[in-house]
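The values are calculated or read from the model by the stated rules, or taken from the named source; none is laboratory data. Source: prediction; values computed, not measured. Positions of Cβ are backbone-derived with ideal geometry, glycine not excepted, and every protein chain shown enters the neighbour counts. Calculation scope for accessible area: heavy atoms of the full protein, side chains included, ligands and nucleic acids excluded. Shrake-Rupley method; radii C 1.70, N 1.55, O 1.52, S 1.80 Å.
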Amino acid sequence: MSIENVEKLVSEFARSLQEETFVKMSLGNYKGADEHLQKLLLRLIETRKGKRLFFLYRYDTRDTAKNHDFTEAAKIIRNLLGKDFFSGHLFTTGNDFQLDIGRKGKSRLNVAKPTFKTKPALDHDHEKKRFVNAESFYLRALGITTDRGEIRDKQQDKWKQINKFVETLDVLFDKSNLRDRKELNIIDMGSGKGYLTFATYDFFKNIRGMDVKVTGVDTKSALVGLCNDIARASEFENLQFVDGWIGDFEVGNVDILIALHACNTATDDAIFKGIRAEADLIVVAPCCHQELRPQITPHEMFKNILKHGIMLEREAESITDGLRALLLEKSGCQTKLFEFIATEHTPKNNMIVGTKQTKKPDAAKFDDEVKAIKDFYGIKEQRLEKLIEEIS
Ligand SMILES: C[S@@+](CC[C@H](N)C(=O)[O-])C[C@H]1O[C@@H](n2cnc3c(N)ncnc32)[C@H](O)[C@@H]1O
């Protein structure tokens with residue numbers, strides 16, 4: 001094969017880096033041995049060690065990435081062109097260069113006017129801690145991102161929610177007894193389409209580099225099947241989804257128990273599983289609070305306030321989550337109840353977190369408090385309290 005045009009392209013590449021006119025580069029028309037590899041995309045990033053080229057290897061079901069210094073990068077490109085990749089496209093602010101290598105090694109190098117007149121801003125790989133990798137295959141497979149790795153317009157809220165959730169988990173983890181652990185077992189109850197389950201696995205496994213096992217549990221077998229397919233395609237070996245009811249699922253030893261938007265009392269079933277298994281972290285975001293509202297008989301003093309349906313609904317919601325937090329404290333957890341993402345992104349945004357403590361609490365004190373609240377509102381039964389009573 002004539003290597004003249006390859007050499008020309010590589011030297012334009014090196015020159016653009018030196019003269020700071022480089023915009024981006026891609027290699028395509030892959031004919032190498034890996035049946036899954038499709039293209040190689042290069043862009044310039046700023047790292048702690050200085051400027052580096054970010055190589056993104058795009059496979060049909062996943063992406064892998066590596067940084068290289070300029071000399072290494074030029075060497076790799078020279079070795080790949082004409083051997084594995086048969087086209088190369090270099091964009092600089094001076095010109096666009098398009099190399100095509102045909103059969104029998106004949107090649108053509110086209111030089112055209114530049115598509116980009118200015119350089120893109122450099123990404124800083126140390127500027128901001130990343131929680132979710134937008135280029136991950138599972139996000140594409142779940143329809144959050146497009147094939148080009150861009151967040152779909154309609155999925156912006158979901159994307160924010162996924163990021164915020166993982167960021168919250170990161171902080172909670174560092175403040176818990178688990179912070180020095182290298183291995184983790186996580187169960188996500190009511191995993192649904194698995195957005196948060198996948199992101200949790202990817203974060204602990206690939207961003208924090210831990211030996212993590214994550215299990216999603218849901219009654220919707222079609223979703224469970226789909227999630228398992230995507231997990232296999234992503235090569236997420238220790239992520240699995242199980243078809244089943246939260247209340248029936250044997251959790252075994254679990255470090256972090258998650259239940260996000262599990263409907264109505266399914267949240268209580270999940271919290272109870274976490275308490276029983278002595279999970280270090282229990283993280284739930286409840287939704288559809290239906291249990292207490294029909295039981296509440298407003299106190300005379302609040303009669304004219306709680307006669308409004310919306311007020312009664314909110315009161316029932318607050319009392320339900322407040323009682324859950326108290327019952328977690330009674331069970332030896334320190335609790336936090338907070339809004340985990342602004343209501344404009346999702347209305348289901350309260351989060352209750354229980355972090356296991358070594359000191360045993362005064363259970364009788366919590367029993368008195370819970371009883372007084374129930375009596376005040378005329379509540380007969382609350383699911384989590386009942387489940388805890390059954391094992392006491
Ligand atoms: C609103 S979706 C939330 C999905 C996911 N956790 C999220 O936040 O994106 C609630 C999921 O919980 C599941 N679910 C509700 N109650 C359940 C139960 N008792 N056992 C298992 N799954 C349950 C439903 O099938 C549904 O997929």
Can you compute the FRET efficiency between residue 372 and residue 302 using 1/(1 + (r/R0)^6), with r the Cβ-Cβ distance and R0 = 22 Å? Round to the nearest 0.05. 0.90
Helix 156-175 vs. the chain, principal-axis angle (Cα, 0 to 90°, nearest 10): 70
Shape of the chain from its Cα gyration tensor (a ≥ b ≥ c, root eigenvalues): rounded if a/c is under 1.5, otherwise prolate when a/b > b/c, or oblate? prolate
Estimated distance in nm for a label pair at residue 253 and residue 7, the labels positioned 7 Å out from Cα along Cα-to-Cβ: 6.2
Any chance you could run the full-extension gain for residue 314 through residue 104? It's 0.36 nm times the residue separation minus the Cα-Cα distance, nm to one decimal. 68.2 nm
Test of understanding: what is the full-extension gain from residue 67 to residue 392, defined as 0.36 nm times their sequence separation minus their Cα-Cα distance? 111.4 nm
I'd like the carbon and sulfur percentage of the solvent accessible area for the stretch 62-193, probe radius 1.4 Å, heavy atoms only, ligands and nucleic acids excluded. 47
As I understand it, the value is the acute angle between the Cα axis of helix 363-377 and the longest principal axis of the Cα atoms of the chain; what does it come to in degrees, rounded to 10? 80
For the stretch 16-65: relative contact order, % (alpha-carbon pairs under 8 angstrom, 6 or more apart): 28
Under the helix-only model (-39500 (n - 2.57) for each DSSP H run of 4 or more, divided by the residues of the chain), the mean residue ellipticity at 222 nm, to 500 deg cm²/dmol, is -10500 deg cm²/dmol
In percent, what relative contact order does the chain have, based on Cα pairs under 8 Å that are 6 or more apart in sequence? 11
Yeah, the stretch 114-231 with a ≥ b ≥ c from its alpha-carbon gyration tensor (a/c under 1.5 is rounded, else prolate when a/b outruns b/c, oblate otherwise) is oblate
Could you provide, to the nearest whole Å², the per residue accessible area of the chain with probe 1.4 Å? 52
Sort the stretch 265-392 into rounded, prolate or oblate with this rule: let a ≥ b ≥ c be the square roots of the eigenvalues of the Cα gyration tensor; rounded if a/c is under 1.5, and if a/c is not under 1.5, prolate when a/b is larger than b/c, oblate otherwise. oblate
